[in-house]
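Undergrad: The following block contains the structure, expressed as C-alpha cells.
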Amino acid sequence: MFNKPVLLVIAHGSRDPRHAATVHALVRRVRSLRPDVRVETGFLDFNIPSVQGVLESLAAEGVRDVVALPLLLTRAFHAKADIPAVLRDAPPQLRIRQAEVLGPSPLLLAALERRLYEAGLTPADKSSTGVVLASAGSTDPEAIAVIAEIAREWRHTGWCAVRPAFASAGSPAGFSRTEDAVRELRALGCARVAVAPYVLAPGFLPDRIARGAAEADVLANVLGAAPEVAWVLLERYDAAGVPVPAAVGA
C-alpha cells in the first residue's frame, strides 16, 4: 500500500517506438529504486496512456496527491505551457504539484560521462578530447542559456573543450549544428572529438544528432535509463514536497 503522492512521469511521446520503450525502461528503474512510491507514466502526444487519461484513472481510484514530473531536460515550452495546461484540466479532487524539469544537474553530467565511457573513452582521454554537447534544441531563451552554461561547466571538469550544439532547424545565434561543432573542435586542435547527445530517448532529433556525428571519433548513446537519470527523477519528486494529509482517526 502506497502512502506517498503518486509520481506521474510526463513524457512528450513520439511516433518512434524507441522513445516509449526508453521511457518505460527509465520508469522501471525508478520503481526499483523506490518501491515505496507508486510511479505512473503519461504521454503528451503520440503514445498511450495520455496524461489526462492517467489523471482520470487515478482520481477514479481515490488517489488525491500527485507529483507531476516533466520528463524534460530544460524548462522550455512544454514545461511552461503544455504540461500546466493539461494539469489544469485534471479532475478537481486531485492535488497536483508540478515538479521541476530534470536539468541542470550534476547527476546528468555524470550520466553524460557514463555514456561517453561506455562508447569507448576513458578518464585518461579527457584532456585531449573535445566534446559536442548535442541537444535537441529550443527557441526558449532560458533553455538556450542553460545548455550554454552546462557546456561551460562541463569544460571545467577536464575536457579539452566542450561545444554546445542544436539538432533542430534554425539554431539560435551562437550555436552550431552537431556537424559544425565537430569541425570546430577539430580546428581547435583536439586530438579526438566525441559527441554526447543531451537527450533522453531515441527519435527524430537524436537520429539527426547521430548523422551530424559522422565525422566524430566517438558517438555516445542517449541518456535513456541511466541510473543517474533515475536518481534525478527521484530528487525532483522529493523536492516537490507534496504533503500527504493524515488519515481520519489517525
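The values are calculated or read from the model by the stated rules, or taken from the named source; none is laboratory data. Source: prediction; values computed, not measured. We place every Cβ from the backbone using ideal geometry, glycine too, and count neighbours over all the protein chains shown. Ligands, DNA and RNA are excluded from the accessible area calculation, which covers all protein heavy atoms including side chains. Shrake-Rupley method; radii C 1.70, N 1.55, O 1.52, S 1.80 Å.
Undergrad: If you place +1 on the Cβ of every Lys and Arg and -1 on the Cβ of every Asp and Glu, how big does the dipole about the Cα centre of the stretch 95-180 come out, in debye to the nearest 20?
TA: 180 debye
Undergrad: With axes computed from alpha carbons, what is the tilt in degrees of helix 17-33 against the longest principal axis of the chain, rounded to the nearest 10 within 0 to 90?
TA: 70 degrees
Undergrad: On the full set of protein chains, 1.4 Å probe, figure out the accessible area of Lys80 and give it in Å² to the nearest 10.
TA: Approximately 80 Å² for this residue.
Undergrad: Something else about it: Rounded to the nearest 10 degrees, what's the angle between the helix 178-188 long axis and the longest principal axis of the chain, both from Cα atoms, 0 to 90?
TA: Roughly 40 degrees, rounded to the nearest 10.
Undergrad: Heads up, I need the accessible area for Glu40: 1.4 angstrom probe, whole protein in place, Å², nearest 10.
TA: 50 Å²
Undergrad: Additional query: When Lys and Arg each count +1 and Asp and Glu each count -1, what net charge do the other residues less than 14 Å away from Val182, Cβ to Cβ, add up to?
TA: +2
Undergrad: Roughly what angle does helix 106-118 make with the longest principal axis of the chain, taking Cα atoms, 0 to 90 degrees, to the nearest 10?
TA: Relative to the chain, helix 106-118 is tipped by roughly 50 degrees.
Undergrad: With a probe of 1.4 Å, find how much accessible area the chain has per residue, and write the answer as a whole number in Å².
TA: Ligands and nucleic acids excluded, the result is 46 Å² per residue.
Undergrad: Something else about it: Take the Cα atoms of the stretch 1-88, find their three principal axes, and give me the spread along each one in whole Å, biggest first.
TA: Reported extents, whole Å, longest axis first: 34, 29, 22.
Undergrad: With +1 on each Lys and Arg Cβ and -1 on each Asp and Glu Cβ, how big is the dipole of the stretch 189-236 about its Cα centre, in debye rounded to the nearest 20?
TA: The dipole of the stretch 189-236 has a size of about 100 debye.
Undergrad: A further question follows. In deg cm²/dmol, rounded to 500, what helix-only [θ] at 222 nm does the chain give when every DSSP H run of at least 4 residues adds -39500 (n - 2.57) and the total is split over its residues?
TA: The helix contribution divided over the chain gives -12000 deg cm²/dmol.
Undergrad: Considering the options Leu200, Val132, Ser32, tell which one lies farthest towards the positive end of the dipole of the chain, charges being +1 on Lys and Arg and -1 on Asp and Glu at the Cβ, about the Cα centre.
TA: In the chain, that residue is Ser32.
Undergrad: What do you reckon, how do Arg152, Arg114 stack up by accessible area (1.4 Å probe), largest on top?
TA: Arg152, Arg114
Undergrad: For the chain, build the charge dipole from Cβ charges (+1 Lys, Arg; -1 Asp, Glu) around the Cα centre, then report which of Gly103, His78, Ala143 sits farthest towards its positive end.
TA: Gly103
Undergrad: Still on this structure, please answer the following. Using unit Cβ charges (K, R positive; D, E negative) and no other charged atoms, how large, in debye to the nearest 20, is the dipole of the chain about its Cα centre?
TA: With only Lys, Arg, Asp and Glu charged at Cβ, the dipole is about 200 debye.
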